[in-house]
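The values are calculated or read from the model by the stated rules, or taken from the named source; none is laboratory data. Remember, it's a predicted structure, so these values are computed and weren't measured experimentally. Neighbour counts run over all protein chains shown; Cβ positions are idealised from the backbone, glycine included. Side chains are part of the model used for accessible areas, which takes the heavy atoms of the whole protein and leaves out ligands, DNA and RNA. Shrake-Rupley method; radii C 1.70, N 1.55, O 1.52, S 1.80 Å.
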Protein chains: 2
Amino acid sequence: MALEHAILVSLLEQPGSGYELARRFERSIGRFWTATHQQIYRVLKRMEAEGWVTAVDVEQDGRPDKREFSVSAPGRDVLTGWLHEPVQPEAVRHDLAVKVRGAAFDDAAGRAALIGEVERYRAGHEELLARYLAGEKRDFPDPGASTTGERLQHVVLRGGIAYERMLLDWLTEVLIELRKES
Amino acid sequence: MALEHAILVSLLEQPGSGYELARRFERSIGRFWTATHQQIYRVLKRMEAEGWVTAVDVEQDGRPDKREFSVSAPGRDVLTGWLHEPVQPEAVRHDLAVKVRGAAFDDAAGRAALIGEVERYRAGHEELLARYLAGEKRDFPDPGASTTGERLQHVVLRGGIAYERMLLDWLTEVLIELRKES
DNA sequence: TTCTGCTATGCAACTCGTTGCATAGCAACC
DNA sequence: GGTTGCTATGCAACGAGTTGCATAGCAGAA
């Protein structure tokens, strides 16, 4: 399980509350690891009990108080320990690919509906790519002069960008094939 | 949940036993949906109870008997019903991206170890790409003249190929960045 | 002042997926 | 005859992830 590790990385990059983490997981970190706020709160609780993170109450004005988490020394050790473990092959789960193969067993009207869905899906990923590119321009304007952390964050973002471009090209191909059958 | 649907697609393409399905999930279908034999048997049992698939005992010589599953009419309806539902955004979970960002909080020796892991991981995906390309050559030698099912299977395979190529390029970039820090 | 909406945290129940184990038929090899 | 290895099926326990719900502070608008 790597949610714990994703949280440790995120908190090392920037301490924050469970709520803030959930928002980061919706945005930047969600590029490579998704999680809901319930999962995050539950895991934070366990991590706090194990001494991997520490929390301080922070009063805010105009807002409810929050509990800000930081990574402790043992938490850092847990992270580096995990970093040195072998990289496991990923579990791939891609609904759309199942649907495309399934479309062979549907009728023309059903395939037409699927085409609409794929177009909608593709438009969503076009938006996502645009957001990544905007984020890249904003956060990494100067490719040469940056810290280790920034350069590693940048290469991960470039991975997200490459993935989205690949996906958009592939979806174009899928639409061509699906339209041949309608 | 789409494991049920992946199984329905696979059984429509070719009826088979739980064991055979598990082997297909290791190979072709595992490109876009992974599952272990335990999961598959459990889900098959439930699907049989709900009448989505039917089983016949098949005697084999030189081997234990097997139970071969086929999709029933209700099962087909379940599949087409699912095909017409909106495509959900995928849950992305990529260990390696977490590790790359985490490498900023490791020391030089740790990053050196990670480089070795990434190289090993990359070599695995090079092999996988080679297998996909060999499979493409074997199964889809003639791009023009094929059935709907074959063309849709081919476009999904091309997606796998595009993904692996993108991944290999990205891993090259990751290795360059990690080596800058060692 | 009530309603909407964002910040902030959490429980409970459930489903999905993983891991470890167990059983059994049959073939081939040593 | 024992061992190894592949085919074939399954249970039980656990851990991970999802869904629905609940609570509460505070701001701004209607």
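One table, with the values for the structure above:
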item: Test for A:Val118: is it open to solvent by less than 50 Å² (accessible area, probe 1.4 Å) and away from DNA strand C (no atom under 16 Å from the Cβ); result: yes
item: Matching residues in the range B:130-170 - criterion: being hydroxyl-bearing (Ser, Thr, Tyr), outside any loop (DSSP other than H, G, I, E, B) and within 10 Å of chain A (Cβ to nearest Cβ); result: B:Thr148, B:Tyr163
item: Residues located in the range A:4-31, provided they are out of contact with any strand residue (DSSP E or B) (no Cβ under 8 Å at 6 or more places or on another chain), closer than 18 Å to A:Asp139 by Cα and more than 8 Å from every other protein chain (Cβ to nearest Cβ); result: A:Gln14, A:Arg23, A:Glu26, A:Arg27, A:Ser28, A:Ile29
item: Restricting the range A:89-110 to residues that are crowded, with 21+ Cβ neighbours inside 10 Å and of a type in the set (Lys, Arg), the residue that is nearest to B:Val87 (Cα to Cα); result: A:Lys99
item: Hey, B:Arg131 open to solvent by 30 Å² or more (accessible area, probe 1.4 Å), under 21 Å from B:Gln14 (Cα atoms) and out of contact with any helix residue (DSSP H, G or I) (no Cβ under 9 Å at 6 or more places or on another chain) or not; result: no
item: Condition broken by A:Met1, with the remaining ones in (1) open to solvent by less than 50 Å² (accessible area, probe 1.4 Å); (2) near DNA strand C (Cβ under 10 Å from one of its atoms); (3) under 22 Å from B:Ala97 (Cα atoms) satisfied; result: (1)
item: Residue in the range A:32-51 that is out of contact with any strand residue (DSSP E or B) (no Cβ under 9 Å at 6 or more places or on another chain), more than 30 Å from B:Ala6 (Cβ to Cβ), within 11 Å of chain B (Cβ to nearest Cβ) and open to solvent by 40 Å² or more (accessible area, probe 1.4 Å) present; result: no
item: Residue count, the range B:60-84 (criterion: exposed (fewer than 12 other Cβ atoms within 10 Å of the Cβ) and touching a helix residue (DSSP H, G or I) at 6+ places or on another chain (Cβ under 8 Å)); result: 0
item: Close pairs (6 angstrom Cβ cut-off, 6 or more residues apart or separate chains): within 14 Å of chain A (Cβ to nearest Cβ) in the range B:54-71, away from DNA strand C (no atom under 13 Å from the Cβ) and at pLDDT 95 or above anywhere; result: B:Ser70/B:Pro15; B:Ser70/B:Thr54; B:Val71/B:Leu8; B:Val71/B:Leu11; B:Val71/B:Leu12; B:Val71/B:Val53
item: The range A:22-48, residues that are within 16 Å of B:Arg101 (Cα to Cα) and either more than 12 Å from DNA strand D (Cβ to nearest atom) or touching a residue at least 12 places away in the same chain (Cβ under 8 Å) (or both); result: A:Arg24, A:Phe25, A:Arg27, A:Ser28, A:Ile29, A:Arg31, A:Phe32, A:Trp33
